[in-house]
Amino acid sequence: MSVSHIKPATKSLKNSNAPFHIVLCKPELISNYHSDQVISAINYGSADAADPNSLAIELEQLSPDSLCELWIARDKLTSGREGDIKFRKNNELLFGKISLDENSFDNLEDCSNYAYSSILNFIHKKEFPNIIRMWNYFPKITKNENTIERYQSFCIGRYNGFKHIAEFERQLPAATAIGTQKGRFTVYFLATTKAGVQVENPRQISAYHYPEQYSPKSPSFARATLKHWPSTTQFFISGTASIVGHETLHEENVLIQLEEILKNIEALVETVRDTHQQPIRDITGLSLMKVYIRHPEHFTMIKEALSQRIGKNVSVIYLQGDICRANLLLEIEAYAELGTEN
Ligand code: 3EB
């Protein structure tokens with residue numbers, strides 16, 4: 001069984017079985033790709049506003065070599081817009097984004113609910129009713145507002161969007177929710193014609209079953225999703241923190257939080273390897289990681305420790321971001337393309 005150790009950035013699309021790739025690359029490399037195959041060029045900290053396929057997320061990069069998260073499709077894409085949602089799609093996938101000015105709403109809960117209701121209404125009318133993965137970025141995530149934390153308002157709005165779907169917990173995608181310093185309320189997502197497979201973490205309570213202390217309506221996401229295609233499988237790991245059961249561990253120590261996070265990610269990797277028979281041995285078989293660090297002064301320490309654990313084949317981007325619980329210093333999400341050839 002072969003586990004791919006080729007850097008995704010050097011993979012040839014022609015020989016690939018995946019309908020799309022996610023690569024981290026220097027922004028100037030984007031012009032090497034045909035624009036009708038660019039799903040999105042996600043820029044952190046700065047963006048080319050003139051490019052309709054670019055998406056700017058207001059998170060500073062901590063590495064000196066600034067990278068762009070490039071989503072590239074195998075087949076040509078077309079663009080569309082419905083209400084506030086802009087999308088790119090081909091026969092296999094739809095990538096959507098919504099970016100809202102919170103000031104147009106009474107509060108963050110309404111803004112979040114509007115975003116989620118819009119997205120869910122939109123995808124259920126289209127040929128891509130299955131959301132595989134979602135990313136949420138908005139300012140000041142742990143700030144108190146109207147007696148609750150803004151993350152909780154976001155969760156309530158999101159939950160009230162999902163709750164109209166029958167057995168919605170079984171449809172929840174993998175997700176990330178990270179706080180920016182400023183900027184718009186932004187959600188982007190991947191939807192497909194056929195559903196993905198949810199994966200939960202045996203070390204953690206499912207977020208949608210968290211007790212009420214974290215949010216009056218629990219966070220609506222799965223720990224990971226597997227998306228099977230005819231000849232390959234993609235693995236999307238949600239933002240993962242130093243949480244065991246439902247509790248934060250190691251409040252004071254960012255390096256021990258890192259170790260706990262890697263144990264959580266390892267547990268997800270083992271689950272897809274052993275329960276879902278996927279060809280991935282351990283975390284060195286992941287394709288990329290996005291690392292969100294609350295305090296920039298922790299960057300060098302985390303980079304050194306993480307580099308030793310993941311080897312050279314995992315591409316990593318380090319971002320300054322606020323994690324949704326004040327006592328969490330670090331969060332890591334991951335993605336892998338898992339070959340199926342033996
Ligand atoms: C956690 O496990 C950490 O609300 O969409 C991670 C990933 C977290 C996604 C979300 C929250 C979310 O609870 C926080």
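The values are calculated or read from the model by the stated rules, or taken from the named source; none is laboratory data. Just so we're clear, the structure is a prediction, and the values are computed from it rather than from any experiment. Here the Cβ positions follow ideal geometry from the backbone for every residue, glycine too, while neighbour counts run over all protein chains shown. What goes into the accessible areas is simple: the full protein's heavy atoms, side chains included, and nothing from ligands, DNA or RNA. Shrake-Rupley method; radii C 1.70, N 1.55, O 1.52, S 1.80 Å.
Applying the selection to region 229-253, what residues are within 11 Å of the ligand (Cβ to nearest atom), over 17 Å from TYR208 (Cβ atoms) and not in a strand (DSSP E or B)?
Across region 229-253, the qualifying residue is only SER242.
Here's the yes/no breakdown for (1) modelled with pLDDT of 95 or more; (2) in contact with a helix residue (DSSP H, G or I) (Cβ under 7 Å, 6 or more places away or on another chain); (3) in a loop (DSSP other than H, G, I, E, B):
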| site | (1), (2), (3) |
| --- | --- |
| ILE119 | yes, no, no |
| ILE123 | yes, no, no |
| TRP135 | yes, no, no |
| ILE141 | yes, yes, yes |
| PHE154 | yes, yes, no |
| GLY157 | yes, yes, no |
| ARG170 | yes, no, no |
| THR176 | yes, no, no |
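I'm told TYR210 meets every condition in (1) touching a His at 6+ places or on another chain (Cβ under 6 Å); (2) more than 18 Å from SER112 (Cβ to Cβ); (3) not polar (S, T, N, Q) except one. Can you identify the failing condition by its number?
(2)
With respect to THR180, is the statement that it is open to solvent by less than 30 Å² (accessible area, probe 1.4 Å) and either more than 13 Å from the ligand (Cβ to nearest atom) or more than 25 Å from LEU226 (Cα to Cα) (or both) true? Give the steps one after another, and end with the answer.
Working: open to solvent by less than 30 Å² (accessible area, probe 1.4 Å): yes; either more than 13 Å from the ligand (Cβ to nearest atom) or more than 25 Å from LEU226 (Cα to Cα) (or both): yes.
The answer is yes for THR180.
Assigned to a strand (DSSP E or B), more than 18 Å from the chain's Cα centre (by Cα), modelled with pLDDT of 85 or more and polar (S, T, N, Q): is that true of SER63 in this structure?
Working: assigned to a strand (DSSP E or B): no; more than 18 Å from the chain's Cα centre (by Cα): yes; modelled with pLDDT of 85 or more: yes; polar (S, T, N, Q): yes.
In short, no.
If a residue must be farther than 24 Å from LEU70 by Cβ, in a loop (DSSP other than H, G, I, E, B) and of a type in the set (Ser, Thr, Tyr), how many such residues does region 254-299 contain?
Of the residues in that region, 1 qualify.
Farther than 28 Å from GLU259 by Cβ and touching a residue at least 24 places away in the same chain (Cβ under 8 Å): is that true of GLU212 in this structure?
Here the answer is no, as GLU212 does not meet what is asked.
Based on this model, can you work out whether PHE185 counts as in contact with a Pro (Cβ under 9 Å, 6 or more places away or on another chain), in contact (Cβ under 8 Å) with a residue 24 or more places away in the chain, among the aromatic types (Phe, Trp, Tyr) and away from the ligand (no atom under 11 Å from the Cβ)?
So PHE185 passes the test.
Determine, yes or no, whether LEU190 is in a strand (DSSP E or B), within 16 Å of the ligand (Cβ to nearest atom) and open to solvent by less than 10 Å² (accessible area, probe 1.4 Å).
yes
From the list SER287, SER220, which residue is among the hydroxyl-bearing types (Ser, Thr, Tyr) and away from the ligand (no atom under 16 Å from the Cβ)?
Details: SER220 fails: away from the ligand (no atom under 16 Å from the Cβ).
Exactly one residue qualifies, and that residue is SER287.
I'm trying to understand the selection: among the residues of region 302-342, which are modelled with pLDDT of 95 or more, in a loop (DSSP other than H, G, I, E, B) and more than 16 Å from the ligand (Cβ to nearest atom)?
If the condition is that a residue be modelled with pLDDT of 95 or more, in a loop (DSSP other than H, G, I, E, B) and more than 16 Å from the ligand (Cβ to nearest atom), then VAL314 is the only one that fits.
With LEU100, LEU77 as the choices, which residue is out of contact with any Pro (no Cβ under 6 Å at 6 or more places or on another chain), surrounded by 15 or more Cβ atoms within 10 Å (Cβ to Cβ), at pLDDT 95 or above and within 23 Å of GLY196 (Cα to Cα)?
The conditions single out LEU77.
Quick check on my filter: what residues within region 197-228 are open to solvent by less than 30 Å² (accessible area, probe 1.4 Å) and outside any strand (DSSP E or B)? Steps first, answer last, please.
Taking region 197-228 and keeping what is open to solvent by less than 30 Å² (accessible area, probe 1.4 Å), we get 199, 201, 204, 206-207, 210, 215, 218-227.
Answer for region 197-228, where residues must be open to solvent by less than 30 Å² (accessible area, probe 1.4 Å) and outside any strand (DSSP E or B): ASN201, SER206, ALA207, TYR210, SER215, SER218, PRO219, SER220, PHE221, ARG223.
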